[in-house]
Amino acid sequence: MIRINENFKALSENYLFSEIARKIDAYKAINPNADVISLGIGDVTEPLCESVIKAIHSAADEMADRATFKGYAPECGYDFLKIAILENDYLARGISLSSDEIFINDGAKSSLGHFGDILSVDNIVAVSDPVYPVYIDTNVMEGRAGQNLPDGRRSNIVYLECPREKEFTAQLPNRRADVIYLCSPNNPTGSVLNREQLSAWVEYAKKHKSIILFDSAYEAYISDPAIPHSIYEIEGAKEVAAEFRSFSKTAGFTGMRCGYTIVPEALAAYGSNDAAVSLNALWRRHQSTKFNGTAYIVQRAAEAVYSKQGKQQIAGTIAYYMNNAKTILEGLKYAGFKAYGGVNAPYIWLEIPRNMNSWTFFDKLLNECQVVGTPGVGFGPSGEGYFRLTAFAKAENVEKAMERIKQWKM
Ligand code: PLP
């Protein structure tokens, strides 16, 4: 008799976005003429930039010609893209890497999700609370999370406190964690880890022989020159951290699918005999077995992000979103809300007043302002009492939504 992976039964129902969609549909059924504005989505809305489109067309022409046609791509990526990444994202920041330390993928989510394949199920995982849910769910699937607790947490996961007084940044735990997921700039809170905080994490990882999985999918949104874009800006981080990057939010690739993982040669984990094993070699083995490479056309498109015009064009789009973030932050403050993030990240984390819970606030905002956001509790128990708004919307809709919120007598 075929058996299922029992771990899947322990996954909580992923109802957050379906529940939001259901509530919007129900509202629209009663109010068919309502102009509902969504500031809830984590997906980009602006089209690909011109340089990327040109590269797609030219790569498509190559695929149409027998002389230049490409079949399977190298599993870990074409050198032309790895070299563009090395030069622009790392050497330009004083970080030297070799191209064998870069693994091109189909976006950050799958590699973040699969990285656990090369680590023991006995490792203790730490995540921030609130959190991007993929880090937890993928560990539940692999049997690393333990029992479901009544408060929505898992018995084997270490939840890192992210107190408001510390700008919602993940604090060091008082117990050992082997695998630590850090996300900066952060989804959902919009917080960023500064150099000192990242150095403390690197120190922690060295001391405990842990690994940091550093998700910097939103690094392109950092505006403060003092905030590190890469964990490798911190001395010694290559020995303890893998880094996950994505073209999704940097260049509007959510529908194109391309990102990359850095697994330094110096990054090791330990075998049953306590001998150090290179994670770079294990990840290469993983990718060459379970992944067959990112499409040539997509990799050429990603390469174009690093051209002179490409850089200018994506900077224009990021500035457009960050102008939305500014409109949201200013509007919320004018309306008397406490709001965080939105300066080095496209996410705004708003504190719900009067102890209202985040679903009640969702309903009120939809019914009274026709504006949609995401209840904080959807990102974990500590998200209760908070609400996420995103800057990925049309500027005129953001203006309109904020005018409504400013007039709102809550
Ligand atoms: N990491 C974080 C924190 C995200 O918010 C997202 C997407 O929303 C991802 C990773 C996944 O991005 P990708 O589109 O590259 O899979």
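The values are calculated or read from the model by the stated rules, or taken from the named source; none is laboratory data. None of these values were measured; they are calculated from a predicted model. FYI the Cβ positions are ideal-geometry reconstructions off the backbone, even for glycines, and counts take in every protein chain you see. Accessible surface areas use protein heavy atoms only, side chains included; no ligands, DNA or RNA. Shrake-Rupley method; radii C 1.70, N 1.55, O 1.52, S 1.80 Å.
The 3J(HN,Hα) values that the Karplus relation (6.51, -1.76, 1.60; θ = phi - 60°) gives for the stretch 38-53 are, in residue order, 9, 10, x, 7, x, 10, 5, 10, 7, x, 4, 7, 4, 4, 5, 4 Hz. Gly and Pro appear as x.
Under conditions of 4 °C and 1.567 mPa s, the stretch 81-127 yields 101 µm² s⁻¹ as its translational diffusion coefficient, taking Rh as the Kirkwood radius over Cα pairs in the Stokes-Einstein equation. For the stretch 279-287, backbone phi angles converted through the Karplus equation (6.51, -1.76, 1.60; θ = phi - 60°) give residue-by-residue couplings of 6, 4, 5, 5, 5, 4, 5, 4, 5 Hz, Gly and Pro being listed as x. Neighbours of Asp89, meaning other residues whose beta-carbon lies under 14 angstrom from its beta-carbon, give a summed charge of -2 when Lys and Arg score +1 and Asp and Glu score -1. Note that the stretch 78-89 has calculated 3J(HN,Hα) couplings of 6, 4, 4, 6, 4, 5, 4, 5, 3, 5, 8, 8 Hz, one per residue in order, obtained from phi through the Karplus relation 6.51 cos²θ - 1.76 cosθ + 1.60 (θ = phi - 60°); glycine and proline are x. Taken per residue, the accessible surface of the chain reaches 45 Å², heavy atoms only and a 1.4 Å probe.
Spin-label model, Trp408 to Asn33: label points 7 Å out along the Cα-to-beta-carbon direction sit 2.3 nm apart.
Under the combined filter of DSSP loop state and at most 12 neighbouring Cβ atoms within 10 Å, the stretch 334-410 retains these trypsin sites (Lys or Arg not before Pro): Arg354, Lys409.
Shape analysis of the stretch 367-410 places it in the oblate category; the axes a ≥ b ≥ c from the Cα gyration tensor give an a/c of at least 1.5, with a/b not above b/c. Rolling a 1.4 angstrom probe over the stretch 169-310 with all protein chains present gives an accessible area of which 49% lies on carbon and sulfur atoms. Each of the peptides 272-279, 230-237, 53-60 was scored by the mean count of other Cβ atoms within 10 Å over its residues; in descending order, highest first, they stand as 230-237, 53-60, 272-279. Gain on full extension, evaluated as 0.36 nm per residue between Met141 and Lys308 minus their Cα-Cα distance, stands at 55.9 nm.
For the stretch 274-410, rounded, prolate or oblate, judged on the Cα gyration tensor with a ≥ b ≥ c (square roots of eigenvalues), a/c < 1.5 rounded, else prolate if a/b > b/c? Oblate, since a/c reaches 1.5 and b/c is not below a/b. Each peptide among 179-188, 100-109, 28-37, 145-154 gets the average number of other Cβ atoms lying within 10 Å of its residues, and from highest to lowest they stand as 179-188, 100-109, 145-154, 28-37. Summarising the amide proton neighbourhood of Gly259: residues at separation of 5 or more, or on other chains, whose placed amide H is nearer than 5 Å comprise Asn105, Asp106, Gly107, Phe247. Considering only C-alpha atoms, what is the centroid distance from the stretch 120-159 to the stretch 66-95, in Å? Their Cα centres are 34 Å away from one another. Assuming a ≥ b ≥ c are the square roots of the Cα gyration tensor eigenvalues, decide whether the stretch 193-242 counts as rounded (a/c under 1.5), prolate (otherwise, with a/b larger than b/c) or oblate. Cα axes put the stretch 193-242 in the prolate bin. A straight chain from Arg3 to Leu16 at 0.36 nm per residue would run longer than the Cα-Cα distance by 1.8 nm.
The H on the amide N of Asp215, modeled in the peptide plane, is under 5 Å from the matching H of Leu182, Cys183, Ser184, Phe244, each at least 5 residues off or on a different chain. Extension gain, Asn148 to Tyr320, is 57.8 nm, computed as 0.36 nm per intervening residue step minus the present C-alpha separation.
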